[in-house]
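Colleague: First the structure, which I've put down as structure tokens, then a few questions once you've had a look.
Every number in this text was worked out from the coordinates using simple rules, so none of it is lab data. Source: prediction; values computed, not measured. Here Cβ is always computed from backbone atoms with ideal geometry, including for glycine, and neighbour counts include all displayed protein chains.
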Amino acid sequence: MKARQVADIIESFAPLDLQENWDNAGFCIGSPDAEIKGIMVGFDCTPALIDEAAAAGCNMIVTHHPLIFRGVKKIDPDTFLGSAIVSAIKHDMVVYAAHTNADKAADGVSRLMADRLGLLDIEPLGEDGLGAIGVLPRAMDSKAFIEKVKQTFGLPVVRCSRPLATPISRVAMCGGSGGSLIEEAEARGADAYLCGDLSYHSFFTGSDFMLLDVGHYESEIDIVDKLFGLLSEKIHTFAVRKTRNNNNPIYYY
């Protein structure tokens, strides 16, 4: 199977033309015509993941975040990015990413967040469907909702704005950096909005709207299982593996 045929399977779920214009989804390293012997699926294309893929006999890596995101002016093997690029080329890896196109897919990142929370009546949020919005099976007070979010996303702590005095029923979300959809979430009647990478000033909210920063990694990690399941279902001629190296670079103490 050629690398482009693997890409076709992914793009049937998350077409490349859905990606943001600043993104770099698709092939980062390697030829679409390369013959693939095995695939390793992960969240970030780290040196550890590349070593794991090579040891497992895989010569294609599929991740959510692109390895090469912005322009690279030099490849320094003593840096994290440079080390990963050198290792991928050394091992003759094909590296592919499904990023904002997987965020916007109908069953993509934000929908997976909504499903994890058990929301009902889920609809897209944002002009291009980057986020999602739905309702809880039953309304909850802020304290109970915060605890549910922590448990659901495996969080030791969660950054949030002032808890509401009224019950939370309608919930919006966007995986990763979702600050751009705060106003729309509030305008669509959300009581609470979940995303990652929120700035300090975002937490100054009104009395009937609450923000929760659940973390970039935590909000998006389910996409790894989605991509793994998609490829495993369609490919039976060689191994599709899921990495053991999906490590959140942020630590909580």
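Colleague: Within the range 235-253, take every residue that is in contact with a Phe, Trp or Tyr (Cβ under 9 Å, 6 or more places away or on another chain) and either outside any loop (DSSP other than H, G, I, E, B) or of a type in the set (K, R) (or both) and give me the one that is nearest to S12 (Cα to Cα).
Modeller: Checked the range 235-253; the qualifying residue nearest to S12 (Cα to Cα) is V240.
Colleague: When residues of the range 194-210 are filtered for being of a type in the set (V, I, T) and either free of Cβ contacts under 8 Å to residues at least 12 places away in the same chain or within 23 Å of L112 (Cβ to Cβ) (or both), how many remain?
Modeller: 0
Colleague: Give the residue that is surrounded by the fewest Cβ atoms within 10 Å (Cβ to Cβ), with candidates limited to residues of the range 224-245 that are touching a Leu at 6+ places or on another chain (Cβ under 8 Å) and closer than 22 Å to D51 by Cβ.
Modeller: Here the residue is N245.
Colleague: Tell me, which residue of the range 139-171 that is under 26 Å from A106 (Cβ atoms) and of a type in the set (K, R) is nearest to the chain's Cα centre (by Cα)?
Modeller: Looking at residues that are under 26 Å from A106 (Cβ atoms) and of a type in the set (K, R), I get K148.
Colleague: So, one more: Under 9 Å by Cβ, and 6 or more places apart or on different chains, what pairs join a residue from the range 229-253 that is without any contact (Cβ under 8 Å) to a residue 40 or more places away in the chain with one that is in a strand (DSSP E or B)?
Modeller: Taking only residues 6 or more apart or on different chains, the pairs are S232/V41; S232/V240; S232/K242.
Colleague: Restricting to the range 157-206, and then to whatever is among the aromatic types (F, W, Y) and closer than 22 Å to I250 by Cβ, can you tell me which residue is surrounded by the fewest Cβ atoms within 10 Å (Cβ to Cβ)?
Modeller: Y200
Colleague: Would you check which residues across the range 52-87 are over 22 Å from the mean Cα position of the chain (by Cα) and either buried (at least 21 other Cβ atoms within 10 Å of the Cβ) or not hydrophobic (A, V, I, L, M, F, W, C) (or both) and list them?
Modeller: Those that are over 22 Å from the mean Cα position of the chain (by Cα) and either buried (at least 21 other Cβ atoms within 10 Å of the Cβ) or not hydrophobic (A, V, I, L, M, F, W, C) (or both): G57, C58, N59, K73, K74, D76, P77, D78, T79, G82, S83, S87.
Colleague: Sticking with this structure for a sec: Grab the helices (runs of 4 or more DSSP H) fully contained in the range 128-234, keeping just those with 2 or more residues being in contact with a helix residue (DSSP H, G or I) (Cβ under 9 Å, 6 or more places away or on another chain).
Modeller: 142-153, 216-220, 222-234
Colleague: Shifting gears a bit: Tell me which residues, restricted to the range 79-102, are among the small types (G, A, S) and under 22 Å from E35 (Cβ atoms).
Modeller: Answer for the range 79-102, where residues must be among the small types (G, A, S) and under 22 Å from E35 (Cβ atoms): S87, A88, A97, A98.
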